[in-house]
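Everything below concerns the one structure shown next.
Readers should treat all values here as calculations from the given coordinates under stated rules, not as data from a laboratory. The shown structure was predicted, so the numbers you read here are calculated from the model rather than taken from an experiment. All Cβ positions, even for glycine, are placed from backbone atoms using ideal geometry, and neighbour counts span all protein chains on display.
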Amino acid sequence: MPGTDTPLEAITLGTSGLGREPGGERLARALVSGRFRQLDTSNEYAGGRSETLIGQVLGTADGVTVFSKADRHPDTGVFDGDRVMRSFEETVSRLGVGTLPIYHLHDPFTITVREAMAPGGAVPALVSLREQGLVAAIGIAAAGGTLVEDYLRTDAFDAVLTHNRYTLVDRGAEDILRLATERRMTVFNAAPFGGGILSGSPRHASRYGYRPISPEFGRHVERVRELCERHGVALPAAALHFSLREPRVHSTVVGITSVERLEGLDALVDAVIPEEFWAELESLGAPPPSPVD
């Protein structure tokens, strides 16, 4: 696998919602006992509860791989090298493991790239963890944009995780995919449903990436929805397969907030999308700017 020596599956289960609602123990057990064997979590998810719940069941599961992320201090926003080390210690303690296959720098919005790269900064700490063999690979994980691109250009990272920026209706991560591919990095594409608008749920029909959509963007989404109907394709299945069929994406991260959603993922993965659908999708032209641009 480019960028890392870790074998990757096409689907990674996202756990940012694990531990936020009652029933987290049941969901955690389901996450490690099903068809999909990769989990993505982070130090800050549910205030650490996500990692804790995974750690409670990880010992009962065979062949489950967990990726996590370093987060800034929840109170001060400090994100220096010491904080990365502390974040790592907290994570491996909660998970009950000694090492991690991939460890990302997560949403480094409180620091500049220059600060992150400086001696004593977050990135040298990540590199140190990799050199010590405590993590096999390091990544940068954030929504997208020039910040992520600047981190990729440092050539310090093995992997990148972008979310809500490469979907059926958004190509905002195109430059990230190009830069990562040039560097033979491992690419995770998260949030293929754009925060819910491509999940088929009316509740999320007016927002993309958790932000209100413009009339122009809404019209484009509606054209894609009509295209799905003409081909007898479920909108969320098309959204998922848009990411799965992209050769520059090595694993698609699907957020799982309930056992029911996990159970429904099988049908989406197994759906067959006719080639004619993709040709007609291209004929719609480039999507308009998305709310997260």
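General remarks:
- Packing-based ranking, highest mean first, of 20-28, 269-277 given that Cβ atoms within 10 Å are counted: 20-28, 269-277
- Relative contact order of the chain, taken over Cα pairs closer than 8 Å and 6 or more residues apart, is 18 percent.
- Over the chain, dividing the summed -39,500 (n - 2.57) contributions of all DSSP H runs of at least 4 residues by the number of residues returns a 222 nm mean residue ellipticity of -11500 deg cm²/dmol.
- Here the calculated FRET efficiency for V78 and S128, from their Cβ-Cβ distance with R0 = 22 Å, stands at 0.80, rounded to the nearest 0.05.
- Approximate spin-label separation R203-S33, in nm, with each point projected 7 Å along Cα-to-Cβ: 2.5 nm
- More than 21 angstrom apart: percent of Cα pairs within region 179-259: 36 percent
- Helices meeting the span-like rule in the chain (full DSSP H runs, Cα extent of at least 20 Å along the helix axis, mean Kyte-Doolittle score of -1.0 or higher): 81-95.
- Label of the coordinate-derived value, semi-axes √(5λ) of the Cα gyration tensor in Å, listed as (1) 33, 21, 18; (2) 36, 22, 18; (3) 31, 22, 17: (3)
- Charge tally in the Cβ shell below 10 Å around G196, where Lys, Arg are +1 and Asp, Glu are -1, G196 excluded: +2
- Once the C-beta distance of R114 and D5 is scaled by a Förster radius of 25 Å, the resulting FRET efficiency is 0.25 to the nearest 0.05.
- Estimated FRET transfer efficiency when R0 is 30 angstrom, pair S258-R178 (beta carbons, to 0.05): 0.25
- Student exercise, the chain dipole from Lys, Arg, Asp, Glu Cβ charges, in Debye to nearest 20: 320 debye
- With both labels modelled 7 Å from their Cα along Cα-to-Cβ, the E276 to E216 distance reads 3.2 nm.
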